[in-house]
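The values are calculated or read from the model by the stated rules, or taken from the named source; none is laboratory data. Since the model is a prediction, treat every value here as computed from it, not as a measurement. So basically every Cβ, Gly included, is an ideal-geometry build from the backbone, and we count neighbours across all protein chains shown.
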Amino acid sequence: MSKLFSTNFAGRNISVNVQYMAGQADGAALVTYGDTVVLVTVVSLKSAKEGLDFLPLTVDYQEMTFAAGKIPGGFFKREGRPNEREILTSRLIDRSIRPLIPKGFHYETQIVATVLSVDDEHDSDVVAMLGASAALELSDIPFKGPIAGVRVGRVNGNFVCNPCSELQEKSDLNLFLTGRKALPEANGRPFDINLVMLEGEAKEVDEDIIIDAIKFGLDCLYPVIELQDIMREAIGKEKRKINDVVIDERLLTKVKAAAVDGLQEAYLTPQKLERYAKLDQLRESVIKETAAEDSGLCSSVAAIFAELERQILREMIISKKRRIDGRGYTDIRPISCEASILPRAHGSALFNRGETQALAALTLGTSSDEQRMDYIGGEELRSFILHYNFPPYSVGEARPLRSPGRREIGHGNLARKALLPILPSQEKFPYTIRIVSEILSSNGSSSMATVCAGSLSLMDAGVPIQNVVAGIAMGLLKEKDEVVILSDILGDEDHAGDMDFKVCGTKKGITAMQMDIKIDGLTEDILRRALYQARDGRIFIIEKVREILPEPRQDISIYAPRITTIKVKPDKVRDVIGAGGKNIRQIVSETGVTIDVEDDGTVTIASSDKEAAARAVAMVKWLTEEAEIGKIYQGTVKKVVDFGAFVEILPGTEGLVHISQLAKGRINKVTDVVKEGDEITVKVLEIDKQGKIRLSRKEALGFDVQ
């Protein structure tokens with residue numbers, strides 16, 4: 001029998017209905033927030049594959065088009081591969097949940113969040129996150145929850161919890177954060193809430209505002225986390241027992257004796273591939289030496305070796321105050337940049353930071369190149385596109401090339417959000433911009449290298465950005481009261497650390513962030529120190545970028561389309577298009593330009609040939625021009641009558657030249673002066689209230705067309 005639990009969340013009711021749907025799943029929750037409804041299920045196999053030493057977790061968030069009262073496009077008329085929003089939301093849930101499932105749990109697990117109904121006021125991301133936590137809490141799967149997610153905006157200086165789409169458009173901040181129940185009590189409540197995951201964007205917002213926004217968001221989560229406690233106590237299943245990993249002390253001693261000296265030496269090797277080669281060789285040697293008599297011990301020795309790697313690196317950084325490459329805690333790796341390295345790209349940049357190298361290639365296009373994103377919440381047109389590629393050679397591997405994975409899409413999205421606030425408006429720079437970031441070599445922070453290379457490529461392309469954005473990855477190591485914050489972390493430091501915190505921004509403020517935390521105890525003081533240390537780092541990087549290009553180039557590439565935008569009256573749009581598109585086809589045929597016409601009268605003409613663009617502009621103006629009194633026109637005689645001639649002076653615009661206005665002297669017949677089809681010069685004498693135009697040939701004699 002179904003049970004309904006509900007509470008108030010950001011001033012609106014949110015309910016969780018359990019034991020209602022998907023009864024054969026290990027856990028299922030139907031979460032309703034306004035008209036947004038999401039069903040989340042979790043299933044974990046009861047037996048683990050032999051030899052598996054990690055958590056095989058899959059998270060799938062899917063939006064059904066019927067949720068918005070739509071039928072899918074395409075031939076098959078059914079939902080297909082996940083779109084970008086579905087992938088990004090799946091990552092949000094995965095990154096929040098994965099660290100909270102105990103390490104010894106190696107059973108294949110799948111979380112499926114299905115959006116069944118959606119409105120434009122209640123965020124389905126928030127609903128899906130709550131549903132995933134509730135389903136895990138009610139299941140027999142071990143989980144260090146409960147957790148919940150919240151979106152924080154800031155409108156007119158005031159923080160808003162779970163803002164609707166209308167408010168979010170006015171907000172200078174868009175943070176999605178996940179919080180977890182943590183003891184002991186705090187602020188008079190039975191439990192506190194710790195930050196688990198953070199992702200968001202901002203319009204150059206100050207660090208202190210970000211900290212206040214996080215505190216505000218975590219405080220908002222209290223009722224929905226408390227609700228899950230009530231649910232679990234009422235109907236939660238007993239959690240599965242996980243056998244504690246019993247470490248053979250004798251084996252541990254043997255592995256330490258065989259490995260410690262070699263590990264310490266390996267971590268003094270600054271070059272990544274050299275270091276990895278030494279570690280691989282040492283691992284094989286230790287396994288061979290300590291498990292020679294019993295091959296069944298190989299996996300245990302490998303696990304002990306991996307933990308020793310982590311411990312020795314952490315000890316070297318915390319106790320010996322030495323990083324792998326000899327840097328101090330706040331030091332940035334050596335940086336070098338180049339611009340204009342690809343002759344035919346409209347903008348290009350190569351950014352090197354240590355062993356991480358990103359190549360950004362920028363292309364300028366027209367409005368017809370905009371990316372059309374079709375979501376259940378509505379359609380989105382993107383005039384700024386950023387694609388991030390991570391080929392296998394960037395980490396010294398050889399494997400088949402595949403379409404972009406979730407990681408590539410997530411990193412590309414973060415870099416895109418970081419650069420978006422500095423771009424000029426479409427009115428000022430009416431181009432579609434696409435940046436492709438190819439990671440050529442990676443040793444930590446490749447998404448942040450993408451941001452830096454992207455900024456430089458924008459300036460190289462002549463995009464009039466006001467500020468430079470740089471990105472930096474921060475790390476944290478915490479042992480009891482000892483806290484070390486690292487700037488510009490390496491891949492090994494990320495793996496052994498307790499936090500991966502990516503911060504992007506200008507000198508003015510933050511534009512994008514992403515944080516994953518592996519431990520409890522991230523205090524406000526630690527967060528503040530990390531943000532300000534990141535600020536110092538990104539300002540240092542910005543100065544390095546500006547050494548190559550202090551400001552955007554004054555002109556765009558000669559290979560880029562020149563875009564000219566003109567405005568015509570909306571009722572003249574049909575004249576530009578012509579019957580069946582006749583006029584546009586003629587302009588394109590004669591000039592070779594690309595032309596787009598909007599309903600509001602905006603006509604965009606693009607061509608890399610300046611003369612062709614100028615001809616196309618003249619043709620559009622001619623098609624939409626209106627007659628002016630006193631102006632001289634070259635017209636075509638369309639019809640001759642006894643009292644004069646009707647002359648077309650503009651497309652579809654005719655006027656009458658009275659017989660008295662055909663010549664200076666007296667004439668007997670109109671045909672003595674003009675015949676149908678003649679090209680003559682005329683002057684506009686009068687336009688009456690009905691729009692009728694009176695023309696004169698004799699007053700235009702001797703004048704040139706204006």
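For this structure, a couple of remarks:
- Number of positions in segment 1-22 that are over 19 Å from Ala128 (Cβ atoms) and touching a Pro at 6+ places or on another chain (Cβ under 8 Å): 1
- Gly475 in contact with a helix residue (DSSP H, G or I) (Cβ under 6 Å, 6 or more places away or on another chain), within 23 Å of Arg275 (Cα to Cα), buried (at least 22 other Cβ atoms within 10 Å of the Cβ) and touching a residue at least 24 places away in the same chain (Cβ under 8 Å): yes
- The residues in segment 226-238 that are surrounded by 14 or more Cβ atoms within 10 Å (Cβ to Cβ) and under 20 Å from Asp26 (Cα atoms) can be counted, and the count is 6.
- Taken together, Ile548, Ile566 contain a single residue that is surrounded by 12 or more Cβ atoms within 10 Å (Cβ to Cβ) and more than 30 Å from Thr506 (Cβ to Cβ), which is Ile566.
Condition check ((1) outside the structural domain of Lys480 (by TED's automatic domain parsing); (2) within 37 Å of the chain's Cα centre (by Cα); (3) at pLDDT below 95) across all residues:
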residue	(1), (2), (3)
Leu263	yes, no, yes
Glu293	yes, no, yes
Leu297	yes, no, yes
Glu307	yes, yes, yes
Asn352	no, yes, no
Thr356	no, yes, no
Ala361	no, yes, no
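- Single match in Asp60, Asp53, Asp26 (criterion: surrounded by 12 or more Cβ atoms within 10 Å (Cβ to Cβ) and modelled with pLDDT under 95): Asp53
- All conditions but one from (1) within 24 Å of Val483 (Cα to Cα); (2) touching a residue at least 12 places away in the same chain (Cβ under 8 Å) apply to Asp525; the one that does not is (2).
- Selected residue (criterion: surrounded by the fewest Cβ atoms within 10 Å (Cβ to Cβ)) from residues of segment 420-442 that are in a loop (DSSP other than H, G, I, E, B) and at pLDDT 95 or above: Pro424
- From the options Leu45, Leu92, residue that is in contact with an Asp or Glu (Cβ under 7 Å, 6 or more places away or on another chain), surrounded by fewer than 16 Cβ atoms within 10 Å (Cβ to Cβ) and under 30 Å from Ala182 (Cβ atoms): Leu45
- The residue that is farthest from Leu45 (Cα to Cα), counting only those in segment 72-103 that are among the hydrophobic types (A, V, I, L, M, F, W, C) and at pLDDT below 90, is Phe75.
- Subset of segment 339-354 (residues that are within 30 Å of Gly326 (Cα to Cα) and part of a strand (DSSP E or B)): Ala339, Ala349, Leu350, Phe351, Asn352, Arg353
- For segment 553-573, filtered to residues that are over 28 Å from the mean Cα position of the chain (by Cα) and hydrophobic (A, V, I, L, M, F, W, C), the residue that is modelled with the highest pLDDT is Ile558.
- Test: residue in segment 367-379 that is without any contact (Cβ under 8 Å) to a residue 24 or more places away in the chain, over 26 Å from Ile556 (Cβ atoms), in the same structural domain as Ile542 (by TED's automatic domain parsing) and surrounded by fewer than 22 Cβ atoms within 10 Å (Cβ to Cβ): yes
- For Ile247, the conditions (1) touching a Ser or Thr at 6+ places or on another chain (Cβ under 9 Å); (2) modelled with pLDDT under 95; (3) not in a loop (DSSP other than H, G, I, E, B) are fulfilled apart from (3).
- Against the test of being more than 19 Å from Ile147 (Cα to Cα), surrounded by fewer than 23 Cβ atoms within 10 Å (Cβ to Cβ) and in contact with a helix residue (DSSP H, G or I) (Cβ under 8 Å, 6 or more places away or on another chain), the options Glu86, Glu121 yield a single qualifying residue, Glu121.
- Residue selection: Asp494 fails the criterion of being among the acidic types (Asp, Glu) and either under 20 Å from Ile422 (Cα atoms) or buried (at least 24 other Cβ atoms within 10 Å of the Cβ) (or both).
- Any hit, segment 391-398, residues being part of a loop (DSSP other than H, G, I, E, B) and free of Cβ contacts under 8 Å to residues at least 12 places away in the same chain: yes
- In this entry, Asp516 passes the filter for residues that are in the same structural domain as Ala449 (by TED's automatic domain parsing), touching a strand residue (DSSP E or B) at 6+ places or on another chain (Cβ under 6 Å) and not in a helix (DSSP H, G or I).
- Applying the criterion of at least 3 residues that are within 22 Å of Phe66 (Cβ to Cβ) and modelled with pLDDT of 95 or more to the strands (runs of 3 or more DSSP E) found wholly in segment 104-180 leaves 109-117.
- Members of segment 440-460 that are closer than 13 Å to Ala360 by Cβ and either touching a Leu at 6+ places or on another chain (Cβ under 8 Å) or not assigned by TED's automatic domain parsing to the domain that holds Phe351 (or both): Leu440, Ser447, Thr450, Val451, Ala453, Gly454, Ser455, Leu456, Ser457, Leu458, Met459, Asp460
- Pick from segment 634-661, criterion under 22 Å from Phe703 (Cα atoms) and in contact with a helix residue (DSSP H, G or I) (Cβ under 8 Å, 6 or more places away or on another chain), ranking: surrounded by the most Cβ atoms within 10 Å (Cβ to Cβ): Ala645
- Pairs, first outside any strand (DSSP E or B) in segment 189-200, second of a type in the set (Lys, Arg) and buried (at least 21 other Cβ atoms within 10 Å of the Cβ), C-beta under 7 Å, six or more apart: Phe191/Lys181
- Condition met for Glu226 (assigned by TED's automatic domain parsing to the domain that holds Lys144, assigned to a helix (DSSP H, G or I) and among the charged types (D, E, K, R)): yes
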